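The values are calculated or read from the model by the stated rules, or taken from the named source; none is laboratory data. A quick note: this is a predicted structure, and the numbers were derived from the prediction, not measured. Neighbour counts run over all protein chains shown; Cβ positions are idealised from the backbone, glycine included.
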Amino acid sequence: MTDPSAAAGAPGRRNVDLPPSGPVAQRPIAAPPLGQRERRTRNVGWRSRDVIRAAALVFGLYVLGQLLWFANSLVFVVFLGTLFGLAVGSAVDRLERFKIRRGVASAGVVFGSLGLLVLAGRLMAPTLTEQFAVLRGQIPAAIDRAEVWVNEHQSGVIGTVLRGATAPPAATTPAAATPGTPTPAPTTQPGTAARQQITDAARTQAQRAAGQAAAGQSKDAEGTAPSATESLKARLGSQLSGATRYLFPFLSSTLAVMGGLLLIIFLAIYIGAEPQLYHDGLMHLFPHRARKRAGEVLTEMATVLRKWLVVQLIAMVTIGVVTTVAMLVLKVKAAYALGFIAGLLEFIPTVGPILSAIPALAMGFVDGPEKAVAVLIAYWGIQFLENNLLIPWLMRGGMDLPPALTLVAQALMTLVFGFLGLMVAVPITAAILVPIKMLYVRDVVGDDVPLMSDGSEDDDEDDD
């Protein structure tokens, strides 16, 4: 006999083997998911193996930090070589479309760029050499004129205000009376004549000592007055020499400089020829589940650094030419040398333009303070146009570094590492901001911040 209900079957009901009838408590209970069983059996706390791993990781990070600190110059040179190699790689990608091998194209780009620089240097060397000699000879005279101008303004209204603010009050005590002034007869009582004579003798000795001290101070002032103006140049020279020793310690050895330049050149050639080789090598440092995101972060960092370097090179040439033209229009001496300095220091954002304006202002003071003010206005106008027109157009909003953050990073890197730290402060800051934006702001916080690749993809599509 079959169960009529089973034979008929309810609509939508499957014919499955039912568990034996009985109380609900006797029915089998479904096992928990695999992940939950693993969490229940996981031991809480640190095992000996975990402690050893953590200690080894901390010790390894400490050794790596000490190594980087000890060889910071080498680290920065390698970073500069990588930075130039990324720009070379972009040029090699374009040359590869013409069936040129990457190794040949990379060496051609590097040595061709060096050849152009040498050729430009040979053409400009006579003029620059002559004008740099003019700078060395005229800057001391400019310092003297600036000092005279400052002293003249201090002796005017500002000096009067300062002297009025610091003038001592009028003397009202009997000790301030001038010698020879008759003193009123003292109304003393009998028995105080001896004390009055002692007081008069002490006052006379004090006036004589004060007069001798004043005469000695005037002689000292006369002896040191001529040397006060002469010591200004000495102080500036000593400060500049101290800053040079601090900022350029790597220039103490010509062999070290040549070795650093050769290392940068060959790193640029190798990285520009095979960037994918080094990219794949870095990927082996990450676990498989994180390699995709790590590859995206490294690609974005490479895009940011390459774009920054190309923009800086274009800005260096533009600012150098515009500054030279402006100095020629203003008829400032050594205009070509000042333009060369402005273009060279443009590689260092924020700080470089300020440093390049100092010799220009000094040369302006040679002709007068009015010319120095005109030079200052010209430099300010050039930087205003650069920051509001040239750089935004070249970057196209891809990399937005806050000026305050840039300045703090440059100051910190300069204090810790010197001039090399100042050179690489901005690109290192830009590179560090990439993983912060992608891994924290986008992945953790959830804010959609702009990246350089967002604009570069559109540019690539337009080029295609």
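Looking only at region 358-391, which residues are under 18 Å from ARG136 (Cβ atoms) and surrounded by 14 or more Cβ atoms within 10 Å (Cβ to Cβ)?
Of everything in region 358-391, those that are under 18 Å from ARG136 (Cβ atoms) and surrounded by 14 or more Cβ atoms within 10 Å (Cβ to Cβ) turn out to be PRO359, ALA360, LEU361, ALA362, MET363, GLY364, PHE365, VAL366, ASP367.
Starting from residues that are without any contact (Cβ under 8 Å) to a residue 60 or more places away in the chain and under 31 Å from the mean Cα position of the chain (by Cα), keep the ones in region 120-136 and report whichever is surrounded by the most Cβ atoms within 10 Å (Cβ to Cβ).
ALA133
Any chance region 325-335 includes a residue that's within 25 Å of the chain's Cα centre (by Cα) and assigned to a helix (DSSP H, G or I)?
no
Being modelled with pLDDT of 85 or more and in a helix (DSSP H, G or I): is that true of GLY137 here?
no
Mind checking whether some residue in region 321-329 is crowded, with 17+ Cβ neighbours inside 10 Å and either aromatic (Phe, Trp, Tyr) or in contact (Cβ under 8 Å) with a residue 60 or more places away in the chain (or both)?
Scanning region 321-329 turns up at least one residue that is crowded, with 17+ Cβ neighbours inside 10 Å and either aromatic (Phe, Trp, Tyr) or in contact (Cβ under 8 Å) with a residue 60 or more places away in the chain (or both).
May I ask you to verify whether VAL63 is surrounded by fewer than 11 Cβ atoms within 10 Å (Cβ to Cβ), modelled with pLDDT under 90, over 24 Å from ILE314 (Cβ atoms) and not basic (Lys, Arg)?
yes
In region 253-305, what residues are of a type outside the set (A, V, I, L, M) and in contact (Cβ under 8 Å) with a residue 40 or more places away in the chain?
Hits for region 253-305 are GLY260, PHE266, TYR270, GLY272, GLU274, PRO275, ARG293, GLU296, THR299, GLU300, THR303.
Of the residues that make up region 117-133, is at least one assigned to a helix (DSSP H, G or I) and closer than 27 Å to GLU274 by Cα?
There is at least one residue in region 117-133 that is assigned to a helix (DSSP H, G or I) and closer than 27 Å to GLU274 by Cα.
Inspect all residues belonging to region 415-432 and state whether any of them is surrounded by fewer than 16 Cβ atoms within 10 Å (Cβ to Cβ) and farther than 25 Å from LEU298 by Cα.
Yes - at least one qualifying residue is present in region 415-432.
If you scan region 250-275, which residues turn out to be modelled with pLDDT of 90 or more and not aliphatic (A, V, I, L, M)?
PHE266, TYR270, GLY272, GLU274, PRO275
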